Amino acid sequence: MTERISNSQLFQLVMANVKELIREPGVLFWGIVFPILMSLGLGVAFTKKKDVVTSIAVIGQNHVMYQASDTASALLSFFLVNKAKFGHDKNGIITRKLRVPDDKLGATTFIFQSLSWKEAMVMLKRGNLNMVLDEKNGVVQYHFDPMNPDAQLTYLKLSKMLSSDGNVIRESNTEIHPLMVTGSRYIDFLVPGLIAMGVMMSCMWGVSYAIIERRSKKLLRRMVATPMKRSNFLVALIAVRIIMNFIEAGLLFLFAWLAFNITIQGNVAALFALFIAGNFAFAGISIFISSHTAKTEIGNGLINALSMPMMVLSGVFFSYHNFPEWSISTIQKFPLTMMADGMRSIMIEGAGFSEVMLPILILSATGFIFFISGMKIFRWH
């Protein structure tokens with residue numbers, strides 16, 4: 001009899017803990033939904049596509065390949081013979097798209113873009129190029145990062161194709177130039193994204209969750225009887241969070257500078273303004289989503305629903321150009337994408353105020369609109 005009661009108690013305790021677990025959205029999200037989202041995002045970005053697409057910059061005079069040199073003229077003839085598709089990309093850059101079928105290893109699509117050297121370096125730092133093709137004194141030069149396996153594979157495929165198909169470019173008349181450009185390393189790409197992501201997560205959890213938790217514990221109710229303005233209360237939360245974000249970002253950059261010799265190549269004042277704008281944008285969004293919510297479970301769900309898609313899609317850990325072309329224009333409109341891209345343009349591309357003024361204005365306007373809207377509907381209990 002005692003054993004039967006004991007087993008019944010055990011069963012009831014197990015069921016009680018199961019019900020408590022499934023009522024917690026945070027547990028379900030991190031244990032079930034988040035791994036699925038990560039596998040979906042990374043799978044779409046990195047799963048082998050029907051064609052391997054590789055981008056190559058051809059340094060040409062006046063941005064026209066066939067007027068640059070004899071090599072470029074030979075390339076143009078090669079494109080015509082092999083029925084390459086001629087066109088312009090969305091930025092107006094002249095492109096030549098050539099698909100090379102391969103039944104065993106899979107087809108490769110080469111996208112040749114006519115660029116100046118400066119434009120090529122910018123695109124290389126953004127992860128949009130695999131190689132730069134140039135010519136000096138009649139010698140064709142292949143410029144690529146020897147530490148990048150994709151660039152090495154591109155060189156092997158391209159050099160073999162050009163040297164074997166009618167000797168467009170003879171192998172004896174080529175040189176390999178290792179390309180070690182400041183700002184082209186993966187760590188240079190990663191750190192600005194980590195700083196931007198840190199701002200987003202800090203504001204979401206430090207501002208949003210703090211308000212929701214205080215409201216759920218009835219702490220905000222006590223403040224109704226005080227002469228304190230809601231605007232002062234909210235601005236104080238944002239101010240403290242921005243100060244903390246400066247400290248956290250400064251320590252991360254200090255570590256990256258000491259360990260990996262990362263430097264800021266662009267305008268420091270522009271970087272400061274962009275950082276403030278990003279903080280204000282995410283703080284305003286945090287105020288808005290926490291203005292009415294009274295349950296921490298709902299707060300967890302809202303914060304995760306907003307932050308996790310941006311963390312996966314906005315190019316923090318890898319270029320968002322790995323995603324399908326149709327999705328890139330939408331991804332570029334995310335606040336985290338704007339902040340991360342702006343910080344990278346300043347830190348590794350040498351940008352100034354003129355290049356990042358638009359994202360600064362958009363992020364500032366986003367923060368202002370969401371803050372005003374959140375403050376109007378804000379409730380203490």
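The set of residues from region 107-133 being among the polar types (S, T, N, Q), surrounded by fewer than 20 Cβ atoms within 10 Å (Cβ to Cβ) and touching a helix residue (DSSP H, G or I) at 6+ places or on another chain (Cβ under 9 Å) comprises Thr108, Ser116, Asn128.
Is region 150-164 home to any residue that is closer than 27 Å to Gly342 by Cα, modelled with pLDDT of 75 or more and not small (Gly, Ala, Ser)? Yes, region 150-164 has at least one match. Among the residues making up region 112-140, those that are closer than 14 Å to Val58 by Cβ and free of Cβ contacts under 8 Å to residues at least 60 places away in the same chain are Phe112, Gln113, Ser114, Leu115, Ser116, Trp117, Lys136.
Within region 233-285, the set of residues being at pLDDT below 90 and either outside the structural domain of Ser373 (by TED's automatic domain parsing) or of a type in the set (Gly, Ala, Ser) (or both) comprises Ala236, Ala239, Ala256, Ala259, Gly266.
Residues that are in contact with a Gly (Cβ under 9 Å, 6 or more places away or on another chain), surrounded by fewer than 19 Cβ atoms within 10 Å (Cβ to Cβ) and aromatic (Phe, Trp, Tyr): does region 361-369 have at least one? The answer is yes; a qualifying residue exists. Pairs are defined by a Cβ separation below 6 Å, a sequence spacing of at least 6 or placement on different chains, a first member in region 307-335 that is within 16 Å of Met204 (Cα to Cα), and a second member that is modelled with pLDDT of 85 or more and assigned to a loop (DSSP other than H, G, I, E, B); the pairs so defined are Met310/Phe334; Phe334/Ser314. Those helices (runs of 4 or more DSSP H) of region 270-381 in which 1 or more residues are farther than 29 Å from Met121 by Cβ and hydroxyl-bearing (Ser, Thr, Tyr) occupy 296-313, 353-377.
When Ile377, Ile346 are screened for being crowded, with 17+ Cβ neighbours inside 10 Å and at negative phi, only Ile346 passes.
Look at (1) outside any helix (DSSP H, G or I); (2) more than 23 Å from the chain's Cα centre (by Cα) and you find that Leu237 fails only one, number (1).
On the stretch given as region 308-343, residues that are buried (at least 21 other Cβ atoms within 10 Å of the Cβ) and either of a type in the set (Gly, Ala, Ser) or farther than 23 Å from Ala249 by Cβ (or both) total 4.
The values are calculated or read from the model by the stated rules, or taken from the named source; none is laboratory data. These figures come from a predicted structure and were not determined experimentally. Virtual Cβ from ideal backbone geometry, glycine too; neighbours counted across all protein chains shown.
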